[in-house]
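The values are calculated or read from the model by the stated rules, or taken from the named source; none is laboratory data. Quick caveat: nothing in here was measured; it's all calculated off a predicted structure. Neighbour counts run over all protein chains shown; Cβ positions are idealised from the backbone, glycine included.
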Amino acid sequence: MRVDYSDLNSTDIYKLMSNSVVPRPIAWIITEDDGIINIAPFSYFIPLSSKPPVVIVSIGHKEDGTPKDTLFNIRKTKKATICFVDEEHLEDMNKTALSLPKEEGEAKKFGIVTKKVLDDFPSVIADVESAMFCEFFDELDLGGKTVPVLLEVKHQYFKDGIVDESFNFKLGNIARVGKNYARLEDI
Ligand SMILES: Cc1cc2nc3c(=O)[nH]c(=O)nc-3n(C[C@H](O)[C@H](O)[C@H](O)COP(=O)(O)O)c2cc1C
């Protein structure tokens with residue numbers, strides 16, 4: 001069977017791509033605007049370059065056509081903190097995929113505890129093993145509703161005991177496989 005993408009609607013294309021490009025890491029992104037802590041997961045996410053250290057994450061729009069809060073906040077504040085999701089945080093991560101009004105932050109709504117590690121970057125979700133503090137680098141216009149955003153990693157956070165001085169470490173990350181999740185350790 002051969003499938004011509006030009007014959008497909010966007011739901012079918014998403015189905016094909018998200019079931020084929022697996023596993024996909026999850027960027028659990030915290031942004032902050034006017035004291036509101038916004039949290040949301042994104043799995044169209046991958047590292048692009050080590051020098052400069054840049055990752056890419058593709059963020060779409062809400063049903064009303066406005067940019068998702070994460071995209072709005074990154075454009076406005078030029079900052080984002082990417083947390084890595086382990087099994088312990090899977091349930092909370094899923095809750096944060098709900099689309100809330102911009103003035104209602106997921107941290108407050110779902111009682112997700114965050115902590116400030118660096119004053120000039122958004123907070124980290126308490127107890128995650130690792131997080132990257134990023135600055136807006138650039139964005140691409142693909143002509144659609146999804147906007148690939150390039151983020152430059154400026155600092156990385158590790159929970160105590162995760163990493164040694166030679167940067168040896170292993171995270172218990174969860175990955176997206178189609179609609180489901182898997183522990184990278186089990187793949
Ligand atoms: C595991 C997972 C991965 C997701 N990946 C993406 C993605 O790559 N791009 C996207 O626009 N939305 C993605 N979503 C949906 C967003 O998380 C969702 O639209 C969220 O409400 C956006 O929140 P915000 O408006 O606070 O930014 C994903 C959801 C889940 C559960």
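Couple of notes before you dig in:
- Any hit, the stretch 43-60, residues being within 11 Å of the ligand (Cβ to nearest atom), without any contact (Cβ under 8 Å) to a residue 40 or more places away in the chain and within 16 Å of the chain's Cα centre (by Cα): yes
- Evaluation of Leu151 against (1) within 16 Å of the ligand (Cβ to nearest atom); (2) outside any strand (DSSP E or B); (3) touching a residue at least 60 places away in the same chain (Cβ under 8 Å) (one fails), failing number: (2)
Quick grid of which residues meet (1) crowded, with 17+ Cβ neighbours inside 10 Å; (2) at pLDDT below 95; (3) aliphatic (A, V, I, L, M):
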site: Lys109; (1), (2), (3): no, no, no
site: Thr114; (1), (2), (3): yes, no, no
site: Met132; (1), (2), (3): yes, no, yes
site: Leu140; (1), (2), (3): no, no, yes
site: Phe169; (1), (2), (3): no, no, no
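- Considering the conditions (1) touching a residue at least 12 places away in the same chain (Cβ under 8 Å); (2) among the small types (Gly, Ala, Ser); (3) part of a loop (DSSP other than H, G, I, E, B), Gly144 is excluded by exactly one of them, (1).
- From the options Phe133, Phe121, Phe167, residue that is touching a strand residue (DSSP E or B) at 6+ places or on another chain (Cβ under 7 Å) and assigned to a loop (DSSP other than H, G, I, E, B): Phe121
- Identity of the residue in the stretch 22-42, buried (at least 20 other Cβ atoms within 10 Å of the Cβ) and among the small types (Gly, Ala, Ser), that ends up farthest from the ligand (Cβ to nearest atom): Ala27
- Condition check for Thr146: modelled with pLDDT of 95 or more, among the β-branched types (Val, Ile, Thr), in contact with a Ser or Thr (Cβ under 8 Å, 6 or more places away or on another chain) and within 13 Å of the ligand (Cβ to nearest atom): yes
- Selection count where residues are free of Cβ contacts under 8 Å to residues at least 60 places away in the same chain, of a type in the set (Ser, Thr, Tyr) and within 12 Å of the ligand (Cβ to nearest atom), scope the stretch 76-125: 1
- Residues located in the stretch 115-134, provided they are touching a Leu at 6+ places or on another chain (Cβ under 7 Å) and within 18 Å of Thr70 (Cβ to Cβ): Phe133, Cys134
- Taken over the stretch 93-147, the criterion of being basic (Lys, Arg) and closer than 29 Å to Ser50 by Cβ is satisfied by Lys115, Lys116.
- Single residue of Asn73, Asn19 found to be within 9 Å of the ligand (Cβ to nearest atom) and not in a loop (DSSP other than H, G, I, E, B): Asn73
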